[in-house]
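Novice: Supplied in C-alpha cells, the structure appears directly below.
The values are calculated or read from the model by the stated rules, or taken from the named source; none is laboratory data. Just so it is clear, the model here is predicted, and its values are computed rather than measured. We place every Cβ from the backbone using ideal geometry, glycine too, and count neighbours over all the protein chains shown. Just so you know, the surface numbers come from the protein's heavy atoms only, side chains and all, with ligands and any DNA or RNA stripped out. Shrake-Rupley method; radii C 1.70, N 1.55, O 1.52, S 1.80 Å.
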Amino acid sequence: MVLMDAPEPNLYLSEQVIVLLSCALSFLGSLLIIFTHVRWPELRSRPRQLLLFLSVADLLSAASYFYGVLRDFENSSWDCIAQGALSTFSNTCSFFWTMAVALYLYITIVQSHQSVAEHMVYWFHLISWGVPLVITVAAVCLQKIGYDASYVSVGWCWINIEAKDKLIWMLLTGKAWEILAYLVLPILYLQIKKHIGRAGIGNSFQGGANCIMFVLCTRVIRTRLLTSLRCCCKSTGTSDYRESAASEGYPSGYGSTGEARDSQKWSPHLPST
C-alpha cells in the first residue's frame, strides 16, 4: 500500500489534451444518439430507448470528466466534490445501463421471452438509477468524495485520497461494477452473436463508442443524417447566393434586368427542411 500513500499529482499536458478530446467526442456522440431518438420517432424501439438512457448517463459522465480535467483540482473544494459526485453517479449508471441493454437483448433474442424483458424494464430503471444514487449519496455524506491527487484519475475528483478505506469505496463507486460488466458482457453478447462491449475504450469515450455503434454503423440512421446534412447545405448555399446577388444590386437575386423579367415566369425553389 506504499504506492497509495505517495501519489504523483503532476499531469502531462498531452494526457489532459487526449482526455479532453475524448470527453468532447463522447459528449457529442451521446448528444447525437439523443438527437436521432427525438428526431425520428418511427425508428424508436425498446432497445434504442434503453440506449437513450445509457446515452444520458454517458453525456453527464463526459461533461463531469471534461470539467474536472479542465479545472485540474488541487484540493477538495466544493466544485471538486460536486464534480466527483456527478461523475460517480453517472459513470455507475452507465455500467448498469450497459448491463441492462445486454440483458434485455439476451432475454428477447436468446430466451425469446419478450413479455419478461418488457416487465424487467421497470426494474432496470429502479436499479440503474437507484443503486448509483444511493451509493453516491452515501459517499458524499460520509465525506469519501474529494481530491484524489490525480493518482487514480486524470485531473478529476473521485474518492478522497486521504480516506482510510479508499480502496473499498473505489470498488463500490465504480471499479467493481466496471469489472463485473467486462466479465458478463462478452458472455451475453457471444450468446446473441453480437458484441457491443467497450473494453479497451476509456471511461471518457463511452458515448462516442455508442454513437459509432448505434448511429454511424446503423444504415437507416446514417442515411437520414446524411440526407438532412445535404438539405441543410443546399439551403445554406441557396441563401448565400440570394444574399450575394442582392448585395450587388441585382433585383430578386438575378444577374440582369432581362433575367429579372424571366424571373416572373420562373423562381428558384428552396428545398424544404
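Novice: Please specify each residue of segment 25-76 satisfying the condition of being over 10 Å from the mean Cα position of the chain (by Cα) and among the β-branched types (Val, Ile, Thr).
Specialist: 36, 38, 69
Novice: Show the residue pairs that are 6+ apart or on different chains and have beta-carbon atoms under 6 Å apart, the first residue being within segment 48-75 and surrounded by fewer than 18 Cβ atoms within 10 Å (Cβ to Cβ), the second being of a type outside the set (Phe, Trp, Tyr) and not in a helix (DSSP H, G or I).
Specialist: What qualifies is 72/155.
Novice: I'm checking my understanding of the structure. Among residues of segment 62-92 that are of a type outside the set (A, V, I, L, M) and in contact with a strand residue (DSSP E or B) (Cβ under 8 Å, 6 or more places away or on another chain), which one is farthest from residue 178 (Cα to Cα)?
Specialist: 76
Novice: Moving to a separate point now. Check segment 157-169 and report whether any residue there is more than 27 Å from residue 12 (Cα to Cα) and in a helix (DSSP H, G or I).
Specialist: Yes, that holds for at least one residue.
Novice: Could you list all residues from segment 76-89 that are in a helix (DSSP H, G or I) and either touching a Gly at 6+ places or on another chain (Cβ under 6 Å) or in contact (Cβ under 8 Å) with a residue 40 or more places away in the chain (or both)?
Specialist: 80, 81, 83, 84, 85, 87, 88, 89
Novice: So, residue 42, is that one modelled with pLDDT under 90, open to solvent by 30 Å² or more (accessible area, probe 1.4 Å), over 21 Å from residue 166 (Cβ atoms) and among the charged types (D, E, K, R) or not?
Specialist: For residue 42, the condition - modelled with pLDDT under 90, open to solvent by 30 Å² or more (accessible area, probe 1.4 Å), over 21 Å from residue 166 (Cβ atoms) and among the charged types (D, E, K, R) - is met.
Novice: So which residues in segment 106-156 are part of a helix (DSSP H, G or I) and not hydrophobic (A, V, I, L, M, F, W, C)?
Specialist: Hits for segment 106-156 are 106, 108, 114, 115, 118, 119, 122, 125, 128, 130, 132, 136.
Novice: Counting only residues that are hydroxyl-bearing (Ser, Thr, Tyr) and under 17 Å from residue 64 (Cβ atoms), which one in segment 142-186 is most open to solvent (accessible area, probe 1.4 Å)?
Specialist: Applying the filter and picking the extreme gives 147.
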